[in-house]
Structure formats: structure tokens, C-alpha cells
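K.L.:
My questions will all concern the structure given below.
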Amino acid sequence: MLGVSVVQVALSAWRWWFTARRLRVSLKYPVAMREYYLAGFLNQVLPGGVMGDVNRAWRHARAPVGEPLSGNPTRAIIHAVMLERLSGQLVLLPVAVLATTALWLGGRFELQAAYAGTSLSAGAGMVALVLAGVGASLMFRRKNGSRLGSYLRNLGADLRKAFYGWRNACLQCLTSLLVLGTYLAVFLLLAADMDVLGQGVSPWMLAGLCVLLLLAMAVPVTISGWGVREGAAALLWPLAGLPAEQGVALSVGYGAMVFLASLPGALVLVSGR
């Protein structure tokens, strides 16, 4: 399982390196690997699950390394980290929709009134957050219209550089799919070790449920998804006719494995590099 995590970091670091190159930002791949391990460790121990990525961008902007390309503008360095993370989410979302549809059509999800009410409440909360965000954006635009417009144009230009064209789009999509595959491989290996597979759970069904767990973990409200992931498992497993404790145990085991896999980042931290 730890070997799979090494592949995961290697692929993620390559995705960052590739995105940075598209934005004309210099970054050597070994440095990307080192910084990705550090970011992964910080994401495990700091609230929100994104502080490691903030630190990754800050360290790169503060001391860029590699062959000079375009002077390494700070904005492009920050966007490289943002768009690299976005690449993963752009793949995770449609895969989650497909997984939910497959589980639904396969008759695996049994929506009960209590869970329907919970989903409705969660949906209402999301709508409220979206409306609040739109309102805040409109207020900000009134005060800083030209500045916001300029930033959005620059962000859009960098987005096109990173994703536009068959080659860029295919490489981003393929790399993110492979990264997602490593996440699911850890879940499946852990499930096999816990003798979960075969107890009314097929590998395909478990993979579909775990995709939804990964989507829940993307909400940056706790430390490394702890609590959110387990809560989502406690809801999803009964919906699929499985015991909630099975999903929670698998979720806890996954969290522990991810933490262990991030420990090389602690070595980077204490080394002071």
C-alpha cells in the first residue's frame, strides 16, 4: 500500500511539473517530488487540508529553482498549484457522478426518508454557500472591479495554457485518472487486508463508494478529511445495504495509511531544505 502511495506522489508531482511548464514557470521534477511530499504531510497535520499546497506555492515563489523560462512570476507560480489541484477535481467530479449513477442503476442505493432529508439539508446548505459566495464576489467587484477583472483575465489565460489543446487536456486527464486510480487502489488493498471484499461487496461496488468518500474529503473543513470522511462512510454504506461500521473502519484505516505515506514530508520539514 505504501508503494502505491509513492506512485501517487510521483504522478501528482509530475502533474504539477507539467502544469508549471505550461505556464512558463521553471520547476525541476525532483524538487516537485520533494515539495509534494512536504505539502502532503502539512495537509495531514494542519486544518483545512490545503495549507500544504499554500506552503508549496509560497516556497516555490520565494525560492524558485530550475532552468529560467520566464522569470517565474509569482502569479503564475500560484496558479500552477491551483490549476494542478483543479485538474484532479475536474476528473473526480464526473467520475463521482458516474459512480453514483452506476450504484443507483445497479439497485445498490436504497434512499430512505432520513437520508433523503439529510441530503436535502446538505443541498440547501450548499446553495446557501454558493449564494453567499456570489454575493461576496459582486460586492468585491463593485469596490475593486478593474482589479478583479484583470485577475480573472490572467487566471483564464493560465487556465487555457494548462488545459487547452488535445495534448494538454489528454495528459492532464490521464494523469489525474491515474492519481485517482492510486487512491482507489489503496482503498481496495486495505479492504482486502480487512477481509471486506467478498462480504457482499464487489471491488467495483467498493470503488464506487470510495470515489464518493474522496469527493467528501475534498471539502476543506477538517484536518486531512478526518470526521468528514468517516461521517460520509457512515451515511453511504447503509445506503448501499452495508453495515456503517464497515465503511467507518475502512475510512479510518485509509486515513492512517495516508498519514504514514506522508511521513517522508516530515523529513523534508525537519531537514530545513
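The values are calculated or read from the model by the stated rules, or taken from the named source; none is laboratory data. Note that this is a predicted model, so its numbers are computed, not measured. Reconstructed Cβ throughout: ideal geometry from the backbone, glycine too, with neighbour counts over all protein chains shown.
K.L.:
Name the residues in segment 182-206 that are without any contact (Cβ under 8 Å) to a residue 60 or more places away in the chain, over 18 Å from LEU239 (Cα atoms) and crowded, with 17+ Cβ neighbours inside 10 Å, would you?
P.N.:
Answer for segment 182-206, where residues must be without any contact (Cβ under 8 Å) to a residue 60 or more places away in the chain, over 18 Å from LEU239 (Cα atoms) and crowded, with 17+ Cβ neighbours inside 10 Å: LEU184, LEU188, ALA191.
K.L.:
A follow-up question, please. Taking segment 207-229 as the search range and keeping residues that are surrounded by 22 or more Cβ atoms within 10 Å (Cβ to Cβ) and free of Cβ contacts under 8 Å to residues at least 60 places away in the same chain, which one is nearest to ALA249 (Cα to Cα)?
P.N.:
Ranking the candidates gives ARG229 first.
K.L.:
Yes or no: segment 243-251 includes at least one residue that is closer than 30 Å to TYR37 by Cβ, without any contact (Cβ under 8 Å) to a residue 60 or more places away in the chain, part of a helix (DSSP H, G or I) and of a type in the set (Ser, Thr, Tyr). Reasoning before the result, please.
P.N.:
Restricting attention to segment 243-251, the residues satisfying the condition of being closer than 30 Å to TYR37 by Cβ are 247-251.
Still in the list and also without any contact (Cβ under 8 Å) to a residue 60 or more places away in the chain: 247-249, 251.
Next, from what is left, pick out any that are part of a helix (DSSP H, G or I): 247-249, 251.
From what's left, of a type in the set (Ser, Thr, Tyr): 251.
The answer is yes; a qualifying residue exists.
K.L.:
Next question, about the same structure. Do you know which residues across segment 217-240 are part of a helix (DSSP H, G or I) and either closer than 17 Å to GLN89 by Cβ or within 17 Å of the chain's Cα centre (by Cα) (or both)?
P.N.:
Going residue by residue through segment 217-240, those that are part of a helix (DSSP H, G or I) are 217, 228-239.
Of everything in segment 217-240, those that are part of a helix (DSSP H, G or I) and either closer than 17 Å to GLN89 by Cβ or within 17 Å of the chain's Cα centre (by Cα) (or both) turn out to be MET217, VAL228, ARG229, GLU230, ALA232.
K.L.:
Are there any helices (runs of 4 or more DSSP H) wholly within segment 1-95 with 1 or more residues that are at pLDDT below 85 and in contact with a Leu (Cβ under 7 Å, 6 or more places away or on another chain), and if so which? Give the derivation first.
P.N.:
On the way: elements: 2-22, 29-45, 51-62.
The helices (runs of 4 or more DSSP H) meeting that bar are 2-22.
K.L.:
Regarding TRP237, is this residue of a type in the set (Phe, Trp, Tyr), under 16 Å from THR100 (Cα atoms) and free of Cβ contacts under 8 Å to residues at least 60 places away in the same chain?
P.N.:
Values: of a type in the set (Phe, Trp, Tyr): yes; under 16 Å from THR100 (Cα atoms): yes; free of Cβ contacts under 8 Å to residues at least 60 places away in the same chain: yes.
Yes, satisfied.
K.L.:
Go through segment 190-216 and count every residue that is over 20 Å from the mean Cα position of the chain (by Cα) and in a helix (DSSP H, G or I).
P.N.:
So the first thing to find is which residues in segment 190-216 are over 20 Å from the mean Cα position of the chain (by Cα), and the list is 191-205.
Checking the rest, the ones that are also in a helix (DSSP H, G or I) come to 191-193, 203-205.
So the answer is 6.
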